[in-house]
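Undergrad: Let me begin by handing over the structure; questions about it come next.
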Amino acid sequence: MPQIVVENLAKAFRVAERTPGILGSLVGVVHRRYRTVQALADISFALDAGELVGYIGPNGAGKSTTVKVLSGILVPDGGHVSVLGRVPWRQRVEHVRHIGVVFGQRTQLWWDLPVIESFDLLRDIYRVPQADYARARDELVDLMDLGPLLDTPARQLSLGQRMRCDLAASLLHAPPILFLDEPTIGLDAVSKLAVRDFVLRLNRERGVTVILTTHDMDDIEALCSRIIVINRGAILLDGTLADLRAQVSHDRHLIVDLADENGDVSDPDAVVFRRDGRRVHLRFDPERVPAATLIGRIAARHPIRDLYVENPPIEEIVSRLYAEEARSTGSARQAEGTQR
């Protein structure tokens, strides 16, 4: 039985609007205008225990709204949600005992207290037995290398240090489910790697179910075996990275380092999309021409110092998916306007 079930989830927000300028402000006082923003529209998915799922989409797609509904922070307008058999917003007190939540731009640490005192307060809030708390705290401090930070007030921590402490704080009560909303936003490379490694170990060694929202596609490639792509409140794709690549494009990239800087590597089955001196980047479809055939043609005409074949960057694939969805939506709206 899935740990998380989401069926036909819908959520809309009423947003105030006003005309710019002083006159607009005065009119807004007397007669305020509103518009409705559909944050989620008929979202459905299910997660089994131990899954690590990337939940991705552009700003305003509905990612954080989904996490807030699953956490019990928001009440949806329609649909059904079950997390460990509970409805999050109806059984919130019991629900939060079994989940951990980290919002990258917010902290659950008390700003002026040392980190260790925030941990102690969270133990009281979640009513964790002292022995269980001490064991979990010591293990998390060791895994995240938090020892030197425990006596430091949260306001004096760097962003990377605070994020590591927030991750530990969200797990002190040993929840089986963890929601991570932009956990690596603004982090330097070292801090990102530390957070990724910790999340991966948490999932593999403890079987914690993780939903990760992020704009960092390196996080997705490094961590997630399954991704859900959302845009304009609707799911565009639910599958693996291979499914995403197959849906958008079969293209591969061939990067060739030529011995001759002026070599012409044009080929009828490939497109040169970038060139940096001797290094040439080609795009080709392996279903049209096998990589070995293309490489053989180029090597027959030019001496080659090095070469390799790779998939297009995941950022490129995702942006193309968004662009295709936007064109499809625009065409549908245009057709609807024509019919009217």
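Undergrad: Name every residue in segment 121-148 that is charged (D, E, K, R) and either in contact with a strand residue (DSSP E or B) (Cβ under 6 Å, 6 or more places away or on another chain) or surrounded by 15 or more Cβ atoms within 10 Å (Cβ to Cβ) (or both), in order of residue number.
TA: 123, 137
Undergrad: Follow-up. Can you find, within segment 203-215, the residue that is nearest to residue 247 (Cα to Cα) among those that are touching a residue at least 12 places away in the same chain (Cβ under 8 Å) and surrounded by fewer than 20 Cβ atoms within 10 Å (Cβ to Cβ)?
TA: 215
Undergrad: Hey, another quick one. Among helices (runs of 4 or more DSSP H) lying entirely in segment 82-169, which contain 1 or more residues that are aromatic (Phe, Trp, Tyr)?
TA: 115-126, 130-143
Undergrad: Could you list all residues from segment 99-112 that are surrounded by fewer than 16 Cβ atoms within 10 Å (Cβ to Cβ) and closer than 20 Å to residue 167 by Cβ?
TA: Within segment 99-112, 105, 106, 110, 111 meet the criteria.
Undergrad: Would you pick out the residues in segment 239-263 that are hydrophobic (A, V, I, L, M, F, W, C) and under 19 Å from residue 325 (Cα atoms)?
TA: 241, 242, 244, 246, 248
Undergrad: Return the pair list, or none, for Cβ contacts closer than 8 Å from residues in segment 280-307 that are in contact (Cβ under 8 Å) with a residue 12 or more places away in the chain to residues that are of a type in the set (Phe, Trp, Tyr), at least 6 apart or on different chains.
TA: Qualifying pairs under 8 Å: 281/273; 282/273; 283/273; 291/284; 294/284.
Undergrad: Restrict the check to segment 11-21 and report whether at least one residue is under 23 Å from the mean Cα position of the chain (by Cα) and closer than 22 Å to residue 101 by Cβ.
TA: Yes: one or more hits.
Undergrad: Can you report the number of residues in segment 271-285 which are surrounded by 15 or more Cβ atoms within 10 Å (Cβ to Cβ), over 17 Å from residue 304 (Cα atoms) and not aromatic (Phe, Trp, Tyr)?
TA: 1
Undergrad: Of all residues in segment 252-266, how many are at pLDDT 90 or above and among the hydroxyl-bearing types (Ser, Thr, Tyr)?
TA: Of the residues in segment 252-266, 0 are at pLDDT 90 or above and among the hydroxyl-bearing types (Ser, Thr, Tyr).
Undergrad: Also: Among the residues of segment 73-108, what is the count of those that are farther than 16 Å from residue 209 by Cβ and either in contact with a Lys or Arg (Cβ under 7 Å, 6 or more places away or on another chain) or outside the structural domain of residue 175 (by TED's automatic domain parsing) (or both)?
TA: Going through segment 73-108 one residue at a time, the tally reaches 5.
Undergrad: Only one of (1) under 18 Å from the mean Cα position of the chain (by Cα); (2) in a loop (DSSP other than H, G, I, E, B); (3) closer than 22 Å to residue 225 by Cβ fails for residue 1. Which number is that?
TA: Only one criterion in (1) under 18 Å from the mean Cα position of the chain (by Cα); (2) in a loop (DSSP other than H, G, I, E, B); (3) closer than 22 Å to residue 225 by Cβ is unmet by residue 1, namely (1).
Undergrad: Here is a further query. When you scan segment 294-314, how many residues do you find that are surrounded by 14 or more Cβ atoms within 10 Å (Cβ to Cβ) and either among the aliphatic types (A, V, I, L, M) or closer than 26 Å to residue 241 by Cα (or both)?
TA: Looking only at that region, the number is 9.
Undergrad: Also, quick follow-up: Identify, please: which residue in segment 66-81 is under 20 Å from the mean Cα position of the chain (by Cα) and not in a helix (DSSP H, G or I) and is, among those, surrounded by the most Cβ atoms within 10 Å (Cβ to Cβ)?
TA: Only one residue tops the list, namely 72.
Undergrad: With the requirement that a residue be of a type in the set (A, V, I, L, M, F, W, C), surrounded by fewer than 16 Cβ atoms within 10 Å (Cβ to Cβ) and more than 22 Å from residue 104 (Cβ to Cβ), what does segment 216-255 give you?
TA: The answer is 242, 246, 255.
Undergrad: Do you know which residues across segment 31-56 are under 16 Å from residue 232 (Cβ atoms) and either among the polar types (S, T, N, Q) or out of contact with any Gly (no Cβ under 9 Å at 6 or more places or on another chain) (or both)?
TA: Listed by number, the residues that qualify are 35, 36, 38, 44, 55, 56.
The values are calculated or read from the model by the stated rules, or taken from the named source; none is laboratory data. All figures in this text were calculated on a predicted structure; none of them were measured in a lab. Here Cβ is always computed from backbone atoms with ideal geometry, including for glycine, and neighbour counts include all displayed protein chains.
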